[in-house]
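Here the structure is laid out as structure tokens; the discussion comes afterwards.
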Amino acid sequence: MLTGRRKLNIRSASVRTLGPFAAASNTYFPLFVHTCSMAAVYFVQGILGLSRLAVSYFFKDELHIEPAEVAVLTGLSSIPWMIKPLYGFISDSIPLFGYRRRSYLVLCGLMGTLAWSILAYGVHDARGAVACMLLASLGTAASDVVVDSIVVERTRGHHQSVAGSLQSLCWASAAVGGITSAYFSGSFVQDYGTRFVFGLTAFFPLVVSASSILINEKPVGTEMAVAVPTTITARLWTQSVALWNAVRRRDILLPATFVFLWQATPSAESAMFYYQTNVLGFTPEFLGRVRLGGSIASLAGVAIFNTWLKNVPLRRMLWWVMVVGTVLSSSQLILISGLHRQWGLSDQIFVLGDSMVLTVLGQISFMPILVLAARMCPQGVEATLFATLMSVLNCGSITGGALGAGLTKLYGVTSEDYSNLFKLVATCVALTMAPAPFLSLLPSELDAEKPSTEDDGTQEGGDKAPGLKNARAAGGQATQVTGGQSDCDTEEEGASKSA
């Protein structure tokens, strides 16, 4: 039998012997858990794409809504992504149950689960569907802002390699979630129906709520736990003034206008989705494969940009992207005319190849927009202005969807009449070049490299790395805005107007 003193001595000796390892365990294991929790949130943001095809089929087959109306409803459900800076301000200024981040993530997860659960079991009209999608978008957009702020906080003050590793982990987690959802989205709709997919999707926001509990965050002080209205008002006023002073600058306002116009070009994705499912007979499983191919092609687009194109001047890059994009987008006209069949290509092979090529180009075209937004941000309001620019981008996407809906209505394209679909798509393709004259709005200084960004990674470079992380969210967001249209032809969400 060992006496109590003997046991204590043995334990003390073990601690001294294993001291470095014990210290490492106490340091790295909580960090590992914290990092995995953040990665889980990003994974959920990617895998929520599981419902995208289901939403398109739900509107078309169960609610029997026409293509023009679907485009409008999809845009309305994406409104929460337009006001992302507001979520950041609320999270920074008003602690919830003593926490600025953790409690908000729990709430966002619960909102998402509630929305998708109601959509799975209790919605039978368009109004209820849009309300649920609004709630789901609010939960996803707000959680995106909150987790982005956590990433920024964790990378601040660390070496660039540490920040880069964390950013890469976030991107990779979202990409894995997106690819996973793309693989199963079509087969689940085909085998089990849209309601099943909505119910399955409702599970994933709970992962956000559960993961948030493991995030390492110290509660705010008692004196800060209760928000003081005067303090909040003062902060809001200060940030608003700083933001206004930045936005009204010509070198920021004009490029922001271009970003909006770039995203606001109309598209005919809803009409093409109806055409491909009703006329060409594409099944949900095949459209899921198209999404999967598009998701992989999106990663290829990022790799191509980072390897060969990141040093190309922005204005030159954007010009050629518009030219090449207009030419390649004309392939949809080939699909409608049936010319590809004369070349021995089936509808499925043509659409799959066309989608992957356009997705690569779309991803390449979106990366310069992110770079442009990051380089526009002056010191002192980087995060707020960047989030505002991403909201402008999302607003442009919604506007483009609305314009596409208007053109669809104007040309009389419905779920049964596709006689003017060729004219509709031709008009949208031609308007792809509409922003070209506004390239002159971009200051020539944006094509010049900034030494501080590349040479020493000082304040500006350090601030923009997190900013580009936020761009992923906006890109994912633009994915939400343009809706499941990628499922039909160009994997739009992963690319042409989004990241």
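Structure notes:
- Set of the stretch 401-432 residues, backbone N closer than 18 Å to the point 7 Å along the Cα-Cβ line of Ile334: 422-423, 425-427, 429-430
- Spin-label model, Thr257/Ala210: points 7 Å from Cα along the beta carbon direction are separated by 5.1 nm.
- Between Ile349 and Glu217, the simple label model (points 7 Å from Cα in the Cβ direction) yields a spacing of 5.3 nm.
- For peptides 36-48, 118-130, sequence by mean Cβ density within 10 Å, most packed first: 36-48, 118-130
- Whole-Hz ³J(HN,Hα) from phi, Karplus 6.51 cos²θ - 1.76 cosθ + 1.60, for the stretch 141-153, glycine and proline x: 5, 5, 5, 4, 5, 5, 5, 4, 5, 5, 4, 4, 5
- Every pair of different Cα atoms in the stretch 303-401 enters the Kirkwood calculation, which places the hydrodynamic radius at 15.8 Å.
- Packing rank of 88-98, 55-65, where each peptide gets the mean count of other beta carbons within 10 Å, highest leading: 55-65, 88-98
- Spin-label model, Leu110 to Phe203: label points 7 Å out along the Cα-to-beta-carbon direction sit 2.2 nm apart.
- Taking one quarter of the surface of the convex hull spanned by the alpha-carbon atoms of the stretch 232-325 gives a direction-averaged projected area of 10.6 nm².
Any read-out appearing in this document is the output of simple, stated calculations on the displayed coordinates, not a laboratory observation. Nothing here was measured: the structure is a model prediction, and the numbers come from that model. In this analysis, Cβ positions are derived from the backbone assuming ideal geometry, glycine residues included, and neighbour counts consider all displayed protein chains.
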